[in-house]
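What follows is a single structure, written as structure tokens, with notes after it.
We did not get these values from a lab; they are worked out from the coordinates using the rules stated. Keep in mind that what you see is a predicted model, and the values were worked out from it rather than measured. Here the Cβ positions follow ideal geometry from the backbone for every residue, glycine too, while neighbour counts run over all protein chains shown.
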Amino acid sequence: MELRQLRYFVKVCDLRSMGRAAIELGVVTSALSQQINRLESELSTRLLQRGSTGVSPTDAGVAFLQQAQLTLRHADEAVRAAQQARLSGHVSVGLAPTTASVLGLPLMQAMRARYPDVRLHLVESLSGNLASMLQARQLDLAVLFEAATPRRWSIEPLLDEKLFLIAAATLAQRPAGLRVRLSQLAGVPLIMPSAGHGLRATLTAAFARARIVPDVVAEIDGLALLMDAVRAGLGATIQPGAAVARQPADNVLSSQITDAHVGRRNLLVSLSDDELSPAALATRVVMADTARTLVREGRWAGASLLKN
């Protein structure tokens, strides 16, 4: 017995007409009649009396109608309860500092609006550290930049970021213009993240392809201190546009690096679906939606969407 059959039967009883009921239900009359016949066969009793002026329930049909209406009401209440129930739980999410600067607060706001009973634990750290934490089951989800991840992880392409040369306006060696190439950066003092940072590895490979030896004058892994050093004119840095999301832009200038191979791919990475709680699965959807909304609205500098 199916709920669909009960709904058909109740509608026919309400309208006392197979034809009118079929129209309201959006099915052909023959299909409606077939379902009613199947229901009667399963119950081994006649539920409807068919006549020239329409249909009416038999005594068995009247008794069945009351219970069918009650069953449908309970089913509808069950659906509403499931839809209105608040998802709860605890979810740990890892974001790199630049990613957190643009995604962190909007993600918190989106989760508060959609799942207020889910407690979000945000961890801001370097991408390599986040990967290790994910591997150790200390995180449920993270935005990472490296494609070499364990097979059991779930990986969703999220977005691509252009990289920018960011420097104080007073830095004499800064090349002019809103767009630059790596070849123009020879001799520019650079403040970079250390060798263990995923972005540094990307840039080292990019400089090697361009046959440029970068002039790295300092290595700083903390984004806030790195940007303070840049703002003080101690050197320029190369970062995604999100790096300046938390910073006042009064005395720093950004120039997009136009070399085709220079950029950063963002991947939404999680434990496998069967290891994630319902709250974590829901958070993953909200993270992807929020990131893509930020890109579409132009609130993630230098970012473009990736297709799954």
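Assorted remarks:
- Fully extending the segment from GLN34 to MET133 would add 29.8 nm, taking 0.36 nm per residue of separation and subtracting the current Cα-Cα distance.
- Sites LEU178 and SER277, calculated FRET efficiency, Cβ-Cβ separation with R0 45 Å, nearest 0.05: 0.50
- Candidates ASP117, ASP76, ASP14: whichever shows maximal mean-square fluctuation once the chain is modelled as a Gaussian network with Cα springs under 10 Å: ASP14
- The value for the chain of Rg(Cα) / (2.2 N^0.38 Å) is 1.57.
- Spin-label pair ARG119/LEU305, simplified geometry with 7 Å Cα→Cβ offset, distance in nm: 3.5 nm
- Ordering of 128-138, 3-13 by burial proxy (mean other Cβ atoms within 10 Å per residue, highest first): 3-13, 128-138
- For the stretch 255-299, average projected area of the Cα convex hull in nm²: 4.6 nm²
- Rg over Rh, two decimals, the stretch 1-156 (C-alpha only, Kirkwood Rh): 1.34
- 3J(HN,Hα) along the stretch 173-186: 7, 5, x, 7, x, 7, 9, 9, 10, 4, 4, 7, 9, 4 Hz, from the Karplus curve 6.51 cos²θ - 1.76 cosθ + 1.60 with θ = phi - 60°, whole Hz, x for Gly and Pro.
- Pairwise Cα distances in the stretch 80-216 exceed 26 Å in 42 percent of cases.
- Amide H to amide H distances under 5 Å link ASP215 with GLY187, VAL188, LEU190, where only residues 5 or more positions off or on other chains count and H is placed in the peptide plane.
- The trypsin sites (Lys or Arg not before Pro) of the stretch 197-260 that DSSP puts in a loop, and whose beta carbon has at most 15 other beta carbons within 10 Å, are ARG211.
- In the stretch 175-308, the ratio of gyration radius to Kirkwood radius, Rg to Rh, stands at 1.02 when only Cα atoms are counted.
- Size estimate for the stretch 5-88 follows the Kirkwood approach: the inverse of mean 1/r over distinct Cα pairs works out to 13.7 Å.
- Simple label model, 7 Å out from Cα along Cβ direction - GLN109 to ASP289, nm: 1.5 nm
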